[in-house]
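To start, the structure under review is shown below, and the notes come after it.
None of the figures in this text is laboratory data; all of them are computed from the coordinates on show. Everything numeric in this text was worked out from a predicted model, so none of it was measured. Backbone-built Cβ (ideal geometry, glycine too); neighbour counts: all protein chains shown.
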């Protein structure tokens, strides 16, 4: 079990396995967030929050909910509005560096082509 946590510890995520690859996207939102996304099926991640819970920012055609800690502001994950999509992403920068050491970093041109550039 892998754990990820926001800076203050109010939001914790339990993930079944470490990521084998993470995605760095250059779209207008992801480049501002400075995140590395690790993708999982919804049942592979357990989101644990304390009070206050996460705040949600909806973007991307209103199909994706970007969640961040209400206390420290860290972006923790995104999840689909339509749960039938069965795909979410965890901000891998919230994982221990040792967990990410062997993960391949892929570069996604989300700003223009939606294609990988690596």
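The set of residues from region 19-45 being more than 19 Å from residue 112 (Cα to Cα), surrounded by 18 or more Cβ atoms within 10 Å (Cβ to Cβ) and over 10 Å from the mean Cα position of the chain (by Cα) comprises 19, 45. Of all residues in region 46-79, those that are part of a strand (DSSP E or B) and surrounded by fewer than 16 Cβ atoms within 10 Å (Cβ to Cβ) total 7. Among the residues making up region 90-108, those that are in a strand (DSSP E or B) and under 16 Å from residue 32 (Cβ atoms) are 91, 108.
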